Amino acid sequence: MSGSTPPAREGAPSEDNRPSPAGLKGRILSGIQPTGNIHLGNYLGAIRNWVGLQKDFECLFCIVDLHAITVWQDPQELTRTTREVAAAMIAAGIDPAANALFVQSHVPAHAQLAWVFNCVARLGWLNRMTQFKDKAGKNRENASAGLYVYPNLMAADILVYKATHVPVGEDQKQHLELARDIAQKFNNDYGVALFPQPEPVIRGPGMRVMSLRDGSKKMSKSDPSDFSRINMTDDAETIAGKVRKATTDPNPLPDSVAGLEGRAEAANLLNIYAALTDQTLEQAVAEQAGQQFSQFKARLTETAVAVLGPINAEMKRLMNDPAEIDRILAKGAAKANSIAAPVLREVYKTVGFLPAV
Ligand code: AQP
């Protein structure tokens, strides 16, 4: 890493607001963007795991609307989607009373710390971020400046709570590395031991759900085709229609995982089925060996409806009372703010925005 890095001062001052609640392994920050229809990929790849982490960690669940607007979002739709993501998380088993479930822009310390980090991170570091290259595509000059500095904001999301652990998918590993580098450079530059080094936490199988239309693309909220994903709001009939129309190939299902080589769509559907039935891919392949897609798709639909149906019903109930969702989010923001504000104050004293004594 480039940039000046003076050594940390021994015994440098740090208000000790690191997490150590009795019996817990640390503090986790998880984020999800309110960028569209929350889908089965978000559920199997992230939310379901977060539900499991609640018993072992103090958890902060953040709906990252500041990240969302790095690409255009319709304002009314952003408000609706923010509530919908909150409803999906609660319906899936996130407990907002035991944890903090909140909206990123409602806790100003995220953006305030991000500015400081914009001045700590080096351009060379950001230039190496592959997600910017992927998301900006060929039209790089027209991408928002926010999209470029997105990883600095993500570092602030994590470090403003001195989170010790972050559940990350494959595509976010590079950003977590950057957050660690920013923490270290901040500590070194100012000669303090203010920020911890957050660790990745992986729980359950590292699941990547692919598009139902194209097995080489990940299932995504912002995919223009609604048939590419199963939304957490889809009813049984819609799920059945989407699974029926999912791209496949003409052959029956193989009897070994090796037989999925070169069959991305078959592999994706079997992966989804395995995750929904809590089986390994090997077990799911063995169970479905030799089946025609028509039979397998009927079984997959039945399973998806059984898992998503109750979540969907609870989401609908919550969405009928948006004021209640807003109350939950406001409580979450107050809780998050009570952790973030002292950390920000510590940062402000360290950089000289506030007198140190
Ligand atoms: N297809 C997926 N399979 C497994 N996990 C997934 N996640 C997203 N898509 C899949 C995980 O969901 C969490 C929240 O994701 P995010 O909202 O922060 O952003 P994303 O990864 O960019 O999600 P989308 O759905 O693809 O949104 P858009 O279209 O806006 O980019 C993360 O933990 C992510 O890994």
Report task. For the range 89-97, take each phi angle, set θ = phi - 60°, evaluate the Karplus expression 6.51 cos²θ - 1.76 cosθ + 1.60, and give the result in whole Hz per residue in order, putting x for glycine and proline. Result -> 5, 5, 4, 7, x, 6, 9, x, 6
Requested in this report: Pull out a ≥ b ≥ c, the square roots of the eigenvalues of the alpha-carbon gyration tensor of the range 75-205, then state rounded if a/c is under 1.5, prolate if not and a/b is larger than b/c, and oblate in the remaining case.
Outcome: oblate
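For a Förster distance of 25 Å, can you work out the FRET efficiency between the beta-carbons of Asp171 and Lys55, rounded to the nearest 0.05?
0.40
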Report summary line: Whole-Hz Karplus couplings 3J(HN,Hα) for the range 117-127, θ = phi - 60° and coefficients 6.51, -1.76, 1.60, Gly and Pro as x, run 5, 4, 8, 9, 5, 9, 4, x, 5, 5, 4
Report task. Could you pull out which residues in the range 154-190 have an amide N less than 20 Å from a spot 7 Å beyond the Cα of Asp214, following the Cα-Cβ vector? Result -> 171
Requested in this report: Return the FRET efficiency for the residue pair Lys133, Glu77: r is the Cβ-Cβ distance, R0 is 22 Å, and the value is rounded to the nearest 0.05.
Outcome: 0.25
Query raised in the report: Semi-axes of the chain's equivalent ellipsoid from the Cα gyration tensor, sqrt of 5 times each eigenvalue, largest first, rounded to whole Å?
Result: 39, 22, 19
Query raised in the report: Given a Förster distance of 56 angstrom, what is the FRET efficiency for Glu199 paired with Ala298, based on the Cβ-Cβ distance and rounded to 0.05?
Result: 0.85
Report task. With θ set to phi - 60°, apply the Karplus curve 6.51 cos²θ - 1.76 cosθ + 1.60 along the range 221-226 and write out the HN-Hα couplings as whole Hz, x wherever there is a Gly or Pro. Result -> 4, 8, 5, x, 8, 5
Query raised in the report: What lysines sit close enough to Lys138 to cross-link, taking a C-alpha to C-alpha distance under 20 Å and skipping anything fewer than 8 places away on the same chain?
Result: Lys217, Lys218
Report summary line: Only helices counted: for the chain, with every DSSP H run of 4 or more residues adding -39500 (n - 2.57) and the sum spread over all residues, [θ] at 222 nm is -15000 deg cm²/dmol
Query raised in the report: Against the longest alpha carbon principal axis of the chain, how many degrees, from 0 to 90 and to the nearest 10, is the axis of helix 145-159 turned?
Result: 80 degrees
Query - Quotient of C-alpha Rg and 2.2 N^0.38 Å, computed over the range 226-319 - result: 1.11
Query raised in the report: What residues have an amide H closer than 5 Å to that of Lys218, excluding those fewer than 5 places away on the same chain, when H is modeled at 1.01 Å from N in the peptide plane?
Result: Ser211
Report summary line: In Å, the Kirkwood estimate of hydrodynamic radius for the range 114-184 over Cα pairs equals 12.5 Å
Report task. Amide H neighbours of Val103 under 5 Å, at least 5 residues apart or on other chains, H built in the peptide plane: list them. Result -> Ile63, Ala333
Report task. Express the relative contact order of the chain as a whole percentage, based on alpha carbon pairs under 8 Å and six or more residues apart in sequence. Result -> 24 percent
Report summary line: Expressed as a whole-number percentage, the relative contact order of the range 226-319 with C-alpha contacts under 8 angstrom and at least six residues apart is 38 percent
Report summary line: Under a Gaussian network model of the chain whose springs join Cα atoms within less than 10 Å, the largest fluctuation of Glu265, Glu170, Glu84 belongs to Glu170
Query raised in the report: Which whole-number percent gives the relative contact order of the range 191-276, counting Cα pairs below 8 Å spaced six or more residues apart?
Result: 26 percent
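Read-outs: derived from the displayed coordinates by stated rules, not from any lab. Values in this document were obtained by computation on a predicted structure and should not be read as measured data. Note that we place each Cβ from the backbone using ideal geometry, even for glycine, and neighbour counts take in every protein chain shown.
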